[in-house]
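Some notes on the structure that comes next.
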Amino acid sequence: MVKKCYGFWLKLFCRARSRSIFRPSEDRSAMANISKVILALVAVVAVRHLGQRAFLPPVGRMVAPATGVALMGAAPVFADEIGDAAKKLSEASYPFAKEVDWNNGLFLQAPGAFKPLEALKAIDKMIVMGAQADPKLLKAAADAHHKAIGSIGGANGVTSKADWEAVNAALGRVIASVPESTVMDVYNSVSSITDPGVPAYMKSLVNGADADAAYSAFLTFKDVVKKNQVASAGASATVPSGDKIGEAAKKLSDASYPFLKEIDWTSDLWIKPLPGASASQALKAVDKAIVMGSAMDGNLLKAAAEAHHKAIGSIDGKGLTSAADYEAVNAALGRVVASVPASKVMDVYNAFAKLTNPAVPNKIFSTVNSLDANAAAKAFYEFKDVVKAAQR
């Protein structure tokens with residue numbers, strides 16, 4: 001459940017913010033995120049105020065959103081205002097949170113017509129937002145999510161009230177560390193890919209009065225966040241050059257790009273759940289990824305996000321990025337993985353390996369040229385050795 005909190009409050013935050021910065025007609029539009037996980041909370045809470053528009057769930061794996069990317073530098077001081085406001089918000093919204101079925105497979109479905117390239121544009125805005133977030137606050141938010149996952153219980157998969165509060169406070173601080181314009185870019189980019197019938201349906205699954213109470217409390221919370229929000233983003237990341245990982249990334253990219261071109265990046269296969277994996281099992285794997293993200297070097301994580309942002313800008317109609325941007329992404333990911341202890345990387349590997357049915361890689365392998373796939377795998381093994389050698 002907690003992996004969905006980030007999207008919930010971000011989208012709700014954007015929706016509330018629109019009340020003061022949009023014209024009346026625009027005030028009725030709803031913000032959407034592209035993580036299917038977020039859909040439930042936002043749509044349910046906001047439906048009374050949204051008219052015919054909807055919040056969109058993040059494709060999420062937000063971890064998404066949730067690990068995010070960050071700038072280097074000192075965290076801004078928020079005193080206790082956001083924390084105090086989060087306590088009030090959590091008191092009012094926890095009854096609603098307990099009614100949401102966080103294990104529902106509905107959150108894995110597209111919130112409207114399947115539009116992968118349009119969804120990617122929204123993901124891009126989220127990546128930019130993550131790259132601008134304060135690194136220390138982003139790490140604190142990841143740590144809060146990790147703790148909250150540990151207290152999940154009950155049939156609906158809800159976290160404890162105390163951890164719900166801690167996550168809300170941490171997310172409020174993260175959002176306040178990002179300029180308003182960046183937050184609103186996320187708002188504006190996702191609304192077009194959400195079906196207008198989503199809010200009413202989602203609200204029908206919970207107690208309407210509790211949803212309304214949660215939304216009302218959120219409006220107060222967002223005012224406190226807005227009061228503490230920064231005016232501008234920090235500098236871009238410092239990108240290493242001439243290092244061994246960069247050289248290895250070039251070799252990997254040259255060998256694997258033919259394989260990359262054969263993949264159908266616009267397929268809906270990538271948003272389907274792993275066969276046989278339950279929500280609780282998947283969440284344990286996500287938790288390992290959150291812990292790994294929290295341990296990453298902030299500057300390198302920001303650099304990786306910026307490389308992804310640039311790569312998204314060069315994709316073609318089939319969702320394929322350029323060879324140069326592919327290389328830059330591989331280099332950035334190699335460096336950020338090398339900034340994490342090997343034990344944490346292997347925790348993620350082992351957690352997802354347990355969830356993945358052997359039929360999955362076999363299916364994907366069957367859709368491409370086997371020689372190109374094997375060449376890519378061979379090059380990857382060589383690349384991982386270079387990363388491992390540089391690992392702390």
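The values are calculated or read from the model by the stated rules, or taken from the named source; none is laboratory data. Worth saying up front: this structure is predicted, and the values here are computed from it rather than measured. No Cβ is skipped: glycine too gets one built from the backbone with ideal geometry, and neighbour counts run over all protein chains shown. Calculation scope for accessible area: heavy atoms of the full protein, side chains included, ligands and nucleic acids excluded. Shrake-Rupley method; radii C 1.70, N 1.55, O 1.52, S 1.80 Å.
When the accessible area of segment 156-278 is split by element with a 1.4 Å probe, what percent falls to carbon and sulfur? After summing per-atom areas, the C and S share lands at 55 percent. Taking a ≥ b ≥ c as the square roots of the Cα gyration tensor eigenvalues, with a/c under 1.5 meaning rounded and otherwise prolate when a/b beats b/c, else oblate, which class fits segment 321-386? In terms of gyration-tensor shape, oblate. Using Cβ point charges alone (K and R +1, D and E -1), the dipole size of segment 89-200 about the Cα centre works out to roughly 220 debye. Residue-wise HN-Hα couplings along segment 365-375, as the Karplus relation 6.51 cos²θ - 1.76 cosθ + 1.60 with θ = phi - 60° gives them from phi, are 4, 6, 8, 10, 6, 5, 5, 5, 5, 5, 5 Hz; Gly and Pro carry x. Taking all protein chains into account, the per residue accessible area for segment 224-367 stands at 53 Å² (1.4 Å probe). Between segment 174-220 and segment 119-147, the C-alpha centres lie 17 angstrom from each other. Note: relative contact order over segment 72-183, using C-alpha pairs below 8 Å and six or more positions apart, is 43 percent. Rounded to the nearest 20 debye, the dipole size of segment 284-352 about its Cα centre is 140 debye, using +1 on the Cβ of Lys and Arg and -1 on the Cβ of Asp and Glu.
Amide H contacts of VAL158: GLY153, each under 5 Å away and 5 or more positions distant or on a separate chain (H built 1.01 Å from N in the peptide plane; Pro and chain starts excluded). The HN-Hα couplings worked out from phi for segment 332-337 by the Karplus form 6.51 cos²θ - 1.76 cosθ + 1.60 (θ = phi - 60°) are 5, 5, x, 5, 6, 5 Hz, whole numbers, x standing for Gly and Pro.
How much of the accessible area of segment 309-366, probe 1.4 Å, is carbon plus sulfur, in whole percent? That share works out to 64 percent.
Can you list the aspartates and glutamates whose alpha carbon is less than 14 Å from that of LYS378, not counting same-chain residues fewer than 8 positions off? Reachable aspartates and glutamates: ASP254.
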